[in-house]
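First up is the structure itself, then whatever we jot down about it.
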Amino acid sequence: MLNEYAGSIEDIDEIRIRIIEAIDRPIDELSIRDICARAHISKQTFYSRFSSKYDIANWFCARFEERTLNQIGRTLTWEEGVLAHFKTIAQQKEFLARTSLNGGKDRGEATKARRRRAIVETLTQCRGITLNIRFRFLIEAYLEMEVFLCGEWFRSGFTPAPEEFSSYYIGCVPGELYDLLELPKDERAIYESENEPFARFYV
């Protein structure tokens, strides 16, 4: 059994994965006690990872954003990052449907805040770009589009398929922002995560 009080990232992720695996029905039908019993953890352990059961989906989405959309301009091209993102969503659609019953506007704002930080960091720290008012406007316009299109795809039952939807999505990205974040071929790197406990959610 895992040591629930170990301080390593690997152990923290493993506990969260056990919580995720414990959700086998709509989140509104499960209490915190139910989730903890299924994951074989205490309530104290649960609340050390999540503020509520509705926070689970936010964490899950943030994790695969780190490996897909947030890597655009760092280790992935737009096409690679966007397609990987929507393939992951499609692969995990049952889990996301079970856990995304609440949140609404607040969840959209949380997503935009996470993604805004990542894009600004990529542009300023990885690409060496100084942000002006125009660039910030482009980022905000893109984030509104991202949240809207992702929400519409979710509500449509994840149709069309990730490959087709990705092409539509990329076509909506502001051209200037696309160019700022496009990764030259000689700077591309393969993002490896096979050795991480969370990797099995990305197969």
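Taken together, the values in this text are just the output of simple stated rules run on the coordinates, not laboratory data. Please read these numbers as outputs of a predicted model, since none were measured by experiment. Positions of Cβ are backbone-derived with ideal geometry, glycine not excepted, and every protein chain shown enters the neighbour counts.
Please give me the summed charge of the neighbours of R25: other residues whose Cβ is under 11 Å from its Cβ, Lys and Arg +1, Asp and Glu -1.
-3
For the residues F60, F50, what sequence is obtained by ranking on other C-beta atoms within 10 Å, fewest first? Provide the component values of the computation, followed by the final result.
On the way: F60 23, F50 17.
Ascending number of Cβ neighbours within 10 Å: F50, F60.
Through the Karplus equation 6.51 cos²θ - 1.76 cosθ + 1.60, θ set to phi - 60°, convert the phi angles of the stretch 48-63 into ³J(HN,Hα) values in whole Hz; use x for Gly and Pro.
7, 10, 10, 7, 7, 5, 7, 7, 4, 5, 4, 5, 4, 5, 4, 5
Sorted by average packing, counted as other Cβ atoms within 10 angstrom per residue and highest first, what order do 156-165, 128-137 take?
156-165, 128-137
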